[in-house]
Each structure stands twice: as C-alpha cells, then as structure tokens.
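Beneath this line is the structure, given in structure tokens, with notes to follow.
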Amino acid sequence: PTVSFVAVGDNIIHENVYQYALKQGNDTTYNFKPCYQNIKKYISDHDLAYINQETLIAGDSCGIKGYPNFNSPESLINDLQDTGFNMVSSATNHSMDLGKNALISSAHIWKQHSDILFSGLYENQEDRQTIRVIEKNGIRFSLLAYTFGVNETTNYKSIQKQLKTYPYILGQLDKEQIKEDVEKAKEQSDVIIVACHWGKEDVSQISDLQKEYAQYFADLGVDVVIGNHPHQIQPIEKINNTLVIYSLGNFLSTMKGVYNQLEGMISLDFVKKANNISIENITYIPLINHYNDDVVTIYPLQDYTQELASQHTILKNQPNIIEEFKTYIQETINNKDIKIKM
C-alpha cells in the first residue's frame, strides 16, 4: 500500500486577502477558490493534503478581522476542502487572538467537517485527549499540533490566565504532554505527523528551540515534523528516521517582505512493505505568493514569469528575482534525497 502526501505552509488571511475573496463572491459571501486555483491540481491528486491554518476561524458572528487579531470567514473551510486539503493544523501564535471562547468556537466549527483531520485547538479536556487519526489505503495516520506560545496582545495577562486555567484548549510545546501524545498516537496509528509552530519570524536560519524540539520529536520516533511560523522557507533534514521540514514559509498572505513571497510545497509517498513504512519520492515544489491591488493568488515557481513578477506589489522592483529565488532554493533545500521542481 502507498499513500501520497502533500504539505504547504501558513494560510494567513490578511484583510487584503478576504477583501479579494469578497469581490470574487457577491459582496455578502467570500470565495477563496480563485486564490488556490493555480495550485489546486497539485493538492487534489494526493491522498492526504496538509495546510497550517494560521488565522482563527471563530465564526462570522465574531466579525471578520485581519491583522493583528484575526478572525477569518467560515467559508474558507469549504474552499480549502474544495482545493483538496484534508489535514489541518491550527495551533499558532494567533490561536488566542480573540480569547478562550473564540478558540473553542473555532475548534467546534472545524469538528463539523468530519472529513478533515483537524488538530491543535480543542473544545474541552476530552477533546484534547482524543488523538486525530485518519486511515488511507490501509495505513493509519495521526496528526499532532503544537505552538511555542501565543501573541502578546493588549489583554495578554487575561489570555495567559485563561491558558493557565484551561491548558487543554491549545496544543503547546510541553515535553511531557508531547511524549504522552506520541505514545497514544503510536497505539492508534502507523505514521505520526507533527505540525509545530516554532522558530523566529522572517528568518531562514534554524533557531535553538527548533533544533531542540526537532531532536526531541526524532527521539520519540515521530515520522514527519512540519514546521510553520517563520514566514520563510527553511532547510529539510533527516534526524534518525524523522523527516524534519523546518518551515515551508507562507502559503496565502499579503506579507510585505521579498522572501515572504517564496514558499515551499513538499510531496512524498508513504510506502508500506511488510510491517515497515518508508518515506519515498520526496519532491519539493517552490511556490510564489502573488498579489497586487486586483488579485491574491499562488503560482508554482515553474509557472511563474518575469512578466507576472513585474505585476507583483512587492516583486515588481526586483528585475532578477526569479533567478535569485532559484539560487536561494538550491542553497536552502540542499538535500540529495529531495528532488526540486522549478
């Protein structure tokens, strides 16, 4: 049996993103499908497709909000599903942007979509103790999700008090809890995938915290670690038998740094032979987050032209940016076991 898997980075619904989606709808509904249409074929032809939903989806009644305290439209979930995503993590530094009740509301909304494996936010203690498992082609997969912490908002003291009183609502980097989760996941599944919100923003170098926890996950026997949060692509390495993808960068956003526009998508196969599962056919497909006043969308780098770059709000003043990006990818994803498509 073989299961094909694809993963992308952080889905960040800035105000410009949801305003574009509103224009694609009918002024009362949001339509995000055009944002993903150029990469849908890469996502939908896999058995499992993972995304990190960076921004909270707490219900439209809470009010749609952009940076810094996000709440994204509920219709986004259906549009992600339409694109082909069926594995979602949402333990991020924005999880408590609107407090405990909004987080719990988001956990509840995602649970209504039973064909999406969702991890990171939890309604109650029982929900937190339930390992997220999905089976494909006779192979069982667990998804665990953790964040280093949450943002220091204006009501940070209140947020910290809520997290201390209700620690189970959010997956956080706590070694004892992680060990307990992984041991449970091993009893219920063949493959353990961990989504980890870690590292430093807008930095391509791996932080000490990332190194520490990557080694810890490897020591516990996790199969794949998918890092998010740095907003830039970072290296990929094997530690013992654990594939560690430190950061795939962003996926959809209107962040303003040049290197925020360069992103990663990774695909691979889980192959079961006898009682052993191996990871094969690892392929890295760089992406470009493309936006201006009229559009917010994503392209594979291999389909991206200098003409498109000249229309990009951020990249238009970078005449050699495509070649620069290609060189940067070769230097960053410097791993003989990974095929790069660009």
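The values are calculated or read from the model by the stated rules, or taken from the named source; none is laboratory data. All figures in this text were calculated on a predicted structure; none of them were measured in a lab. In this analysis, Cβ positions are derived from the backbone assuming ideal geometry, glycine residues included, and neighbour counts consider all displayed protein chains. With ligands, DNA and RNA removed, areas are computed over all heavy atoms of the protein, side chains included. Shrake-Rupley method; radii C 1.70, N 1.55, O 1.52, S 1.80 Å.
How big is the gap, in Å, between the Cα center of region 247-279 and the Cα center of region 286-324?
Their Cα centres are 19 Å away from one another.
Amide H of LEU252 versus every other amide H placed in the peptide plane: which residues, excluding those fewer than 5 positions away on the same chain, fall under 5 Å?
For LEU252, the qualifying residues are ASN11, ILE12.
For region 163-273, calculate the relative contact order in percent as a whole number, restricting contacts to Cα pairs under 8 Å that are 6 or more residues apart.
Taking the mean separation of contacting Cα pairs over the length of region 163-273, I get 19 percent.
When we measure straight from the Cα of LYS100, which lysines land under 16 angstrom away, once same-chain ones fewer than 8 places off are left out?
Hits, sequence-local ones excluded: LYS157, LYS161, LYS164.
Out of residues 5 or more away from ALA58 or on other chains, whose amide H comes under 5 Å of its own, with H placed 1.01 Å from N in the peptide plane?
SER72
Take ASN334 and ASP208, extend 7 Å from each Cα along the Cα→Cβ direction, and tell me the distance between the two endpoints in nm.
Placing both labels 7 Å beyond Cα along the Cβ direction yields 2.4 nm.
On full extension of the chain, what length is gained from TYR166 through ASN241, given 0.36 nm per residue of separation minus the C-alpha to C-alpha distance?
So the extension gain works out to 23.6 nm.
May I ask you to give the percent of accessible area on region 214-266 that is carbon plus sulfur, with a probe radius of 1.4 Å?
46 percent
From the alpha carbon gyration tensor of region 66-135, can you work out the equivalent ellipsoid semi-axes (sqrt of 5 times each eigenvalue) and give them in Å, largest to smallest?
Details: eigenvalues 72, 58, 18 Å².
Over the Cα atoms of region 66-135, the semi-axes work out to 19, 17, 10 Å.
Please state, rounded to one decimal and in Å, the Kirkwood hydrodynamic radius that region 110-244 gives when every pair of distinct Cα atoms enters the mean of 1/r. Could you put the intermediate results ahead of the total?
Numbers: mean 1/r = 0.0631 Å⁻¹.
Evaluated on region 110-244, it is 15.9 Å.
Past 26 Å, Cα to Cα, is the threshold; run LYS33/LYS341; LYS33/LYS339; LYS186/LYS273 against it and keep the listed order.
The answer is LYS33/LYS339.
Taking region 1-93 as the region of interest, what is the percent of Cα-Cα pairs per 10 angstrom bin, listed from the shortest bin to the one with the maximum distance?
Spelled out bin by bin, region 1-93 gives 17, 49, 28, 6, 1 percent.
For the chain, set up a Gaussian network in which alpha carbons nearer than 10 Å are linked by springs, and say which option among ALA309, ALA91, ALA214 fluctuates the most.
ALA309
Antiparallel versus total DSSP beta bridges in the chain: what percent is that, nearest 5? Present the calculation step by step, with values, prior to reporting the outcome.
On the way: 34 of 65 bridges.
That works out to approximately 50 percent antiparallel.
Which whole-number percent gives the relative contact order of region 238-342, counting Cα pairs below 8 Å spaced six or more residues apart?
23 percent
Using Cα centres only, tell me the gap between region 85-152 and region 165-189 in whole Å.
12 Å
Give me the net charge for the shell around ASN52: Cβ to Cβ below 12 angstrom, other residues only, Lys and Arg +1, Asp and Glu -1.
Counting the neighbours of ASN52, the net charge comes to -3.
For region 178-317, go through all pairs of different Cα atoms, get the mean of 1/r, take its inverse, and jot down that Kirkwood value in Å.
Its Kirkwood hydrodynamic radius stands at 16.5 Å.
Which residue, GLN318, GLN188, GLN53, tops the fluctuation ranking in a GNM of the chain built on C-alpha contacts under 10 Å?
Top of the fluctuation ranking is GLN318.
Calculate the spin-label point distance for THR2 paired with THR313, positioning each point 7 Å from the Cα along the beta-carbon direction, and give it in nanometres.
Inter-label distance under the simple model: 4.1 nm.
Once region 170-257 is represented by equal point scatterers at the alpha-carbon sites, with solvent omitted, what log10 I(q)/I(0) does the Debye formula produce at q = 0.11, 0.13, 0.18 Å⁻¹?
Each listed q maps to, in turn, -0.31, -0.42, -0.76.
Averaged per residue, what accessible area in Å² does the chain show with a 1.4 Å probe, protein chains only?
Counting only protein heavy atoms, the per-residue value for the chain is 41 Å².
Given q = 0.18, 0.20, 0.21, 0.24 Å⁻¹, what are the Debye log10 I(q)/I(0) values for region 212-286, with equal point scatterers placed on the Cα positions and solvent ignored?
-0.77, -0.89, -0.95, -1.10
Near the amide H of ALA145, under 5 Å away, which other amide H atoms are found, from residues 5 or more places off or on another chain, if H is placed in the peptide plane?
Correct list: GLY120, ALA195.
What number, in percent, do you get for the relative contact order of the chain if the mean sequence gap of Cα pairs under 8 Å and at least 6 apart is divided by its residue count?
17 percent
Output the direction-averaged projected area (hull surface divided by four) of the convex hull of the alpha-carbon atoms of region 264-341, in nm².
The orientation-averaged projected area of the Cα hull of region 264-341 comes to 6.2 nm².
Rg/Rh for the chain to two decimals, with Rh computed the Kirkwood way over all alpha-carbon pairs. If you can, show how the numbers build up before the last one.
Numbers: Rg = 18.9 Å, Rh = 20.1 Å.
Ratio of gyration radius to Kirkwood radius for the chain: 0.94.
Which residue fluctuates the most in the chain, going by a Gaussian network model with Cα springs under 10 Å, if the choices are SER72, SER44, SER114?
In this elastic network of the chain, the residue with the biggest mean-square fluctuation among SER72, SER44, SER114 is SER114.
Can you tell me which aspartates and glutamates have their Cα less than 15 Å from the Cα of LYS272? Leave out same-chain residues fewer than eight positions away.
ASP47, GLU135, ASP190, ASP223, GLU280
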